[in-house]
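This report concerns only the one structure given below.
The values are calculated or read from the model by the stated rules, or taken from the named source; none is laboratory data. Being a predicted model, the structure only gives us computed values, none of them experimental. Neighbour counts run over all protein chains shown; Cβ positions are idealised from the backbone, glycine included. Areas reflect the complete protein model, heavy atoms only, side chains present, ligands, DNA and RNA absent. Shrake-Rupley method; radii C 1.70, N 1.55, O 1.52, S 1.80 Å.
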Amino acid sequence: MYRVFEALDELVAIVEEARGVPMTAGCVVPRGDVLELLDDVRDAIPGELDDAQDVLDHRDKLVSDARTGAEKTISSANAEATSTVENAREEADRLLADAKAHADRMVAEATAHAESLVADATARADATVADGEREYEGLVERARAEAQRLTDSGNAAYERSVADGVAEQERLVSQTEVVTAAHAESARVIDAAHAESDRLRSECDLYVDSKLAEFEELLSGTLRSVGRGRQQLRTGSGVPNYDADFSAPRGESRSRY
């Protein structure tokens, strides 16, 4: 394109410098130079301009063809879109039906599983309560036996102490020179026997109370575990682990006894 402008400038310069023809507005220019410059201009003009001119000459036909092709494309796209929408609607209905059937199956399975868990939890709770009752009865029996043993031991010790005191009193009474000391020693022995009996009774009461407190703690833990399992079943927050709740307290209670 630079050569085109340069040749045009040279043509302008030739025309401006040409010798004028008298009595006319014309001028005399060198034909060879002008033709050469015009050839240069023709050669320098890009071929795209010619193609562009051809495009402009065929513009109406191209626009018409393009419009026809666009209409065909739009019609085909609309038909395809309609077909796609229908297929998508049918597929969506099928998927919805499958999802509903799957959801119904899952609900039925979940219901059956929940009922099984409730039945299992109820059975575990009943078994735990039964175990607790058996342990309570055993604990009470052992506490009663221990209390009876301690009571019998205290009574025997008390009776022995009283008997020893009475014998010592009789022995001392038989000796006139130590009557006063005998009375004092007898009173001391009797007081010691009463104190020993009271101590044994206190130890027995403390032992029974501690065993009952341990069993009360075991029953409280069992009730808390059962309540927590029922709450988890009602809220659906998970499957309760009754083994973990009940294994530790049973082990503790059995190891203590």
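Taking amide hydrogens as placed 1.01 Å from N in the peptide plane, the amide H of Cys27 sits under 5 Å from those of Val21, each at least 5 positions away in sequence or on another chain. Computed from phi, the 3J(HN,Hα) profile of the range 206-214 under the Karplus parametrisation 6.51, -1.76, 1.60 (θ = phi - 60°) reads 5, 5, 4, 5, 5, 5, 5, 5, 4 Hz, with x in place of Gly and Pro.
Computed FRET efficiency, Cβ-Cβ of Ala103 and Leu62, R0 41 Å: what is it to the nearest 0.05? Plugging the Cβ-Cβ distance into 1/(1 + (r/R0)^6) gives 0.10. Between Arg42 and Ala167, the distance separating the two model label sites (each 7 Å from Cα on the Cα→Cβ line) works out to 16.3 nm. In this label model, Asp93 and Arg160 are separated by 10.0 nm, measuring between points 7 Å along each Cα→Cβ vector. Hydrodynamic analysis of the range 70-169 uses the Kirkwood radius over alpha carbon pairs. Inserted into Stokes-Einstein at 10 °C and 1.306 mPa s, it gives a translational diffusion coefficient of 71 µm²/s. Each label was represented as a point 7 Å from its Cα along the Cα-to-Cβ direction; for Gln231 and Thr151 these points are 4.2 nm apart. Sorting Glu6, Glu170 by solvent-accessible area of protein heavy atoms yields Glu170, Glu6, largest first, with a 1.4 Å probe.
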